Amino acid sequence: MQRSESRILTTHTGSLPRPKPLVDLQLRINRDEQVDTAALDAAVGQATRRAVERQLECGIDIGNDGEQPRESFFTYVRYRMSGFGGHGERSPAKDVASYPSFRELFQTHARKSLHTAPPRAIGEVRYVNPAPLNRELAQFRTILDEQPRPFVESFWTAPSPGIVACGMQDAYYGSLPDYVNAVADALRTEYEAIAAQGLILQIDGPDLAMEGHRLFADRPLDEFLEFVDVTVSALNRALVNVPPSQVRLHVCWGNYEGPHNFDVPLDELLPHLYRARVGALVLPMANPRHAHEYRSLARHPLPRDWLVVVGAIDTTTNYVEHPEVVADRIELVAKAVGDPRRVLAGTDCGFDTSTGVGMVAEEVVWEKLRALRAGAESASARLF
């Protein structure tokens, strides 16, 4: 994994805006409608090429495919694993449920997505269909090879066992730990295939923070932290054949603009997250609820050789951050960590975590990424 040896490197958290023709096709698939395979393949190819080119134009050093081929950052696994069917319903996050007027605003936006509810686990979960992943990886490699100036490094996202188990509810295993471990065993195939391509594997684990005010909202903090430990242990087993230096772990409290006043503090989480078999953390620090938590990295120093990707861009608002604001955020984290070479600049979360539900206008997304690069350059001038 690349360090910021002479300047702060830029990256992001994964999903980028999808073109409307692709969104329409993916929503039809989500509703179990038939689509023309050739049309879908063409739309995915065009969208991925566009996502790569736009990242490079914006100055992103460590980029990806923008998650263009997938309808969501985690529910896509239902097409690759056995054992899923029907539909499940999740209770809203505690901050959404606690304020009726906000809940109505939130649900109004959610209704616009046209997504169906995720499936449930109704049988044994196993990884049975690697073909889509192999196709996506090959296409990404071809597109990268076409670029005159490639990324410094490339990454690929995959969900944590915990977000699959929490988001696609259990109706088979009868035990959340058993279900998490079964999902981890299945995801091991995907993790190892991504790593075998020489890509940085980013594990998307919002469950490791968000479920504290969702699934465990009305339970003691210790019970949630026990869940974090179970999930991290399962993740470590799934990563046993992947070098930690090739893995980064994204943790967040949910990619939505909301009160977030029931979020578990980062201070409580870091000692448990540091048990993960990874080489970097990707943390949101641009949003108003967690911008102060750079101090947690001073109170709980990163494990030896770990890096941190600081979320310096908010992915839920259409404000374009001033580059000096971005630089300030990077500098605060670098001083807390004690070494700017261990800090990269990124975004709080993805810009389109489920197809078509992004809250930031596409043109604004690219402006935000340009601001990220400009801010990283300003921070580099201060820190190196």
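Structure data summary
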item	result
The range 20-383 - share of DSSP beta bridges that are antiparallel (%, nearest 5)	15 percent
Of the DSSP H helices in the chain, those whose Cα atoms cover at least 27 Å axially and whose Kyte score averages 0.0 or more	176-196
Cβ-based exposure ranking for 368, 94, 335, 20, in which fewest neighbours within 10 Å come first	20, 335, 94, 368
Gained length - residue 2 relative to residue 138, 0.36 nm times residue gap less alpha-carbon distance	46.7 nm
Whole-Å distance, taken between Cα centres, linking the range 173-249 and the range 317-366	24 Å
Positive minus negative residues near residue 238 (Lys, Arg vs Asp, Glu; Cβ under 13 Å)	0
Amide H within-cut-off set for residue 277, under 5 Å, with H built and near neighbours excluded	236
Cα convex hull of the range 275-384, projected area averaged across orientations, nm²	7.2 nm²
Environment charge of residue 341, counting only residues whose C-beta is closer than 12 Å and scoring Lys/Arg +1, Asp/Glu -1	0
Sequence of 58, 166 once ranked by neighbouring C-beta atoms within 10 Å, starting from the fewest	58, 166
Value of [θ]222 nm, deg cm²/dmol, for the chain, DSSP H segments ≥ 4, -39500 (n - 2.57) each, nearest 500	-13500 deg cm²/dmol
Sequence-separation-based contact order of the range 20-383, relative, with Cα cut under 8 Å and 6+ spacing, percent	16 percent
Convex hull volume per residue in cubic angstrom - Cα atoms of the chain	122 Å³
Taking the C-alpha atoms of the range 155-310, convex hull volume expressed per residue in Å³	108 Å³
Over the range 1-73 - Rg/Rh using Cα atoms and the Kirkwood inverse-distance radius	1.10
Computed FRET value (nearest 0.05) for residue 384 with residue 122, which takes r as the C-beta separation and R₀ as 35 Å	0.05
Which of 8, 143, 122 has the fewest Cβ neighbours within 10 Å, and the rest in rising order	122, 143, 8
Under-5 Å amide H pairs with residue 84, H placed in peptide plane, nonlocal only	122
Phi-based couplings in Hz for the range 308-313 (Karplus 6.51, -1.76, 1.60; Gly and Pro marked x)	9, 9, 8, x, 10, 10
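Every read-out reported here was derived from the displayed coordinates using simple, explicitly stated rules and does not represent laboratory data. Just so you know, these numbers come straight off a predicted model, no measurement behind them. So basically every Cβ, Gly included, is an ideal-geometry build from the backbone, and we count neighbours across all protein chains shown.
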